[in-house]
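Values in this text are rule-based calculations from the coordinates and carry no lab data. As the structure is a prediction and not an experimental result, all values here were calculated from the model. Counting neighbours? That spans all protein chains shown, and the Cβs are built from the backbone with ideal geometry, glycine included.
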Amino acid sequence: MRLLLPVLLLSAAASAQPADNPVAMATGAHLKAVCSRQDDRASRIICLSWLNGASQGHGWFTPKDAALTPPHCRPGRDYDLAEYRGVILAWLDRHPADLDRPSIEVYSRALAAKWPCRSR
């Protein structure tokens with residue numbers, strides 16, 4: 001129960017943010033706006049925290065549509081959030097239409113393009 005309360009409070013705070021607030025990290029545009037500002041400490045923390053959460057959740061669920069959230073298979077077990085940030089920002093530069101996509105789709109598409117899963 002002690003762990004549940006902070007999660008509920010964070011969820012309530014996140015849902016109270018307006019959709020046009022980049023910190024909500026709802027879209028690719030939000031990812032780009034926040035993750036591009038590396039000179040701002042708060043933006044770096046928000047970006048890397050969001051990427052960490054998305055990375056930690058990777059593999060915990062089966063996507064409803066693998067075309068929207070394809071899996072990625074990075075070699076090795078470690079991951080580098082700063083590298084993920086660079087991969088995602090480069091993806092958005094090459095795919096500006098993805099600025100309107102949900103941020104988790106952008107995350108999945110960018111990393112799957114960089115590290116596709118090979119069928120055995």
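Over the C-alpha atoms of region 25-114, the Rg to Rh ratio, Rh being the Kirkwood estimate, stands at 0.94.
How high is the relative contact order of region 25-114, in percent, with contacts defined as C-alpha pairs under 8 Å that are six or more residues apart?
Once normalised by length, the contact order is 45 percent.
For region 25-114, a simple Cβ point-charge model (Lys and Arg +1, Asp and Glu -1, everything else neutral) yields a dipole of about 80 debye relative to the Cα centre.
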